[in-house]
Amino acid sequence: MKKLFYFSVIILLYVSCNDNNNKNEKATFEDTQATVGKNFTGNNATVYLTAQNTDKRLALDSENQFTNANQPLETEIAVFVNPEKKFQEFLGIGGAITDASAEVFSKLTEDKQEELLNAYFSDDGINYNIIRTSIHSSDFGIGSHTYIEEGDKELKTFSIKKDKVKRIPMIKRAQALIKDDLVFYASPWSPPAFMKTNKHMLQGGKLLPEYNQTWADYFVKFIQAYEAEGIPVWGVTIQNEPMAVQRWESCIYTAEEERDFLKNYLGPTFESNGYSDKNIVVWDHNRDLISHRANTIFEDPEAFKYAWGIGFHWYETWTGGDPKYDNLKNVKESFPTKNLLFTEGCQEKFDPTQYQRWSNAERYGNSMINDFNSGTVGWTDWNILLNENGGPNHVQNFCFAPIHADTQNNELIYTPTYYYIGHFSKFVKPGAKLISTTASRSTIESSSFQNPDGQIVTVVMNKTDEPIAYKLLVGESEIALDIPAHAMQSIIY
């Protein structure tokens, strides 16, 4: 009888729990249903536009009102936004203040300097909040340098005196325009020559094992020096492009070498110096090999705990290659607690006759839309300013920037890229959440964010030669819109 009694009790408990679970599932589903069908009908939507062969540049283009949605037809083009499906939190957008940018900036008059800084970092401009810089020199500058005398193993001569001349003053002026969301991070292109196998800052080489701790200490001294200047350091990347032997400053790390440097040296050194709050970003190279780097580093429990996330560039598309957005999605799905950060991209092979080449901007638009839709939290352009020759660059690796300076005539040249970036950075606020967005045709690309105040920003790009009529469907509501050929829209509602 006892066994029967206990068995009966177990059955009753199971039925009761199962019934409660069913009720909870039903309540959750019903709650979801109540919000998924959110009705925007009657709400206004403001459209900002940048379009080729027009004078529209981040220009207010139209005001629209949502109406009740109808089932779209197979013949219609539509963008579908579901605000109830939220994903990663938006960190921000910005660019790099390099020695090259600071050098060009120093040649402008005060009014043009103010114009440039406001164009990037103010509410009147495109609201950058991310700044990247190099730990000592990169190719974009007038020469190689470090912060120590060659051979100083104990770092006794460490000094950022050179940076204080032009680079740091420019960073501080930009910083003053950013409200409370500054993300400032730094990347090394190469350790000092004596620390490397090839005894040279250029042409690759590797960090010698006996200098692992010295190099980790160098990072700490960089942070201390910059913060002493009033520039809070958000974080660092371990190595810019660790799988590329470049004719400029470069250093090679295999995935295992980077993992071991992180877990045995850099991570513990930050921790012992009270810098556990500084974010360490691994990889900092292209999307093509990113999965291998993520698997190797994030599968190691010790390395995992020190890594904030993984950074990437876009240069696998230099020769028309596939941008490998699926690799980003795979990393995010495999390691959902780790962040994706776009750390560098620019249009290479500078041509002074092509400032207004629209395909440059569309490369940016395509990357930003797909990178964010793949789980990326922040996006960092390369040089924010270069001269009329695409430099200075001490190895003639000249490139485009969103804004160039004609230093002979004290003029700023705004490229279409500047405005395409602005369609995100001006309207999407730090702390926003990516929300579910898809398009019914590949002729248009789209991404959406919901800002902390509830405002939604949907960005739509048309890379085709023809204007496109489409519907924007949000919940139970829709707007009929048109996007011109070769254009970008930001729709705010």
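The values are calculated or read from the model by the stated rules, or taken from the named source; none is laboratory data. All figures in this text were calculated on a predicted structure; none of them were measured in a lab. All Cβ positions, even for glycine, are placed from backbone atoms using ideal geometry, and neighbour counts span all protein chains on display.
Computed values, structure above
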read-out: Residue count for the range 144-180, restricted to those that are hydrophobic (A, V, I, L, M, F, W, C) and farther than 24 Å from SER190 by Cα; value: 4
read-out: Test for TYR120: is it in a loop (DSSP other than H, G, I, E, B) and within 19 Å of the chain's Cα centre (by Cα); value: no
read-out: Where PRO467 falls short, out of the listed (1) over 22 Å from the mean Cα position of the chain (by Cα); (2) touching a residue at least 60 places away in the same chain (Cβ under 8 Å); value: (2)
read-out: Options ASN330, ASN370; residue that is within 30 Å of ASP277 (Cβ to Cβ) and surrounded by fewer than 22 Cβ atoms within 10 Å (Cβ to Cβ); value: ASN330
read-out: Subset of the range 219-260 [among the hydroxyl-bearing types (Ser, Thr, Tyr), closer than 19 Å to THR146 by Cβ and touching a helix residue (DSSP H, G or I) at 6+ places or on another chain (Cβ under 9 Å)]; value: TYR226, TYR253
read-out: Residue pairs meeting the criteria (Cβ under 6 Å; at least 6 apart or on separate chains; first under 15 Å from ASP381 (Cα atoms), in the range 419-438; second assigned to a helix (DSSP H, G or I) and of a type in the set (A, V, I, L, M, F, W, C)); value: TYR420/ALA361; PHE424/MET368
read-out: Which listed residue is surrounded by fewer than 21 Cβ atoms within 10 Å (Cβ to Cβ), in the same structural domain as TRP215 (by TED's automatic domain parsing), within 30 Å of THR54 (Cα to Cα) and among the hydroxyl-bearing types (Ser, Thr, Tyr), from SER276, SER359, SER272; value: SER359
read-out: Matching entry among PHE184, PHE194, PHE219 (being assigned to a strand (DSSP E or B) and touching a residue at least 40 places away in the same chain (Cβ under 8 Å)); value: PHE184
read-out: Unmet criterion (only one of (1) part of a strand (DSSP E or B); (2) without any contact (Cβ under 8 Å) to a residue 12 or more places away in the chain) for SER442; value: (1)
read-out: GLY454 out of contact with any strand residue (DSSP E or B) (no Cβ under 6 Å at 6 or more places or on another chain), modelled with pLDDT of 95 or more, surrounded by fewer than 23 Cβ atoms within 10 Å (Cβ to Cβ) and over 30 Å from ASP139 (Cβ atoms); value: yes
read-out: Yes/no for ASN286 being under 15 Å from the mean Cα position of the chain (by Cα), surrounded by fewer than 20 Cβ atoms within 10 Å (Cβ to Cβ) and modelled with pLDDT of 95 or more; value: no
read-out: Residue within the range 54-71 that is at pLDDT 95 or above, closer than 21 Å to ARG441 by Cβ, among the β-branched types (Val, Ile, Thr) and surrounded by 10 or more Cβ atoms within 10 Å (Cβ to Cβ) present; value: no
read-out: Strands (runs of 3 or more DSSP E) within the range 338-417 that include 1 or more residues within 15 Å of the chain's Cα centre (by Cα); value: 339-344, 376-383
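Each row is one residue, and each column tells you yes or no for (1) aromatic (Phe, Trp, Tyr); (2) surrounded by fewer than 16 Cβ atoms within 10 Å (Cβ to Cβ); (3) part of a strand (DSSP E or B).
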position	(1), (2), (3)
PRO83	no, no, yes
LYS86	no, yes, yes
SER101	no, no, no
ILE131	no, no, yes
PHE140	yes, no, no
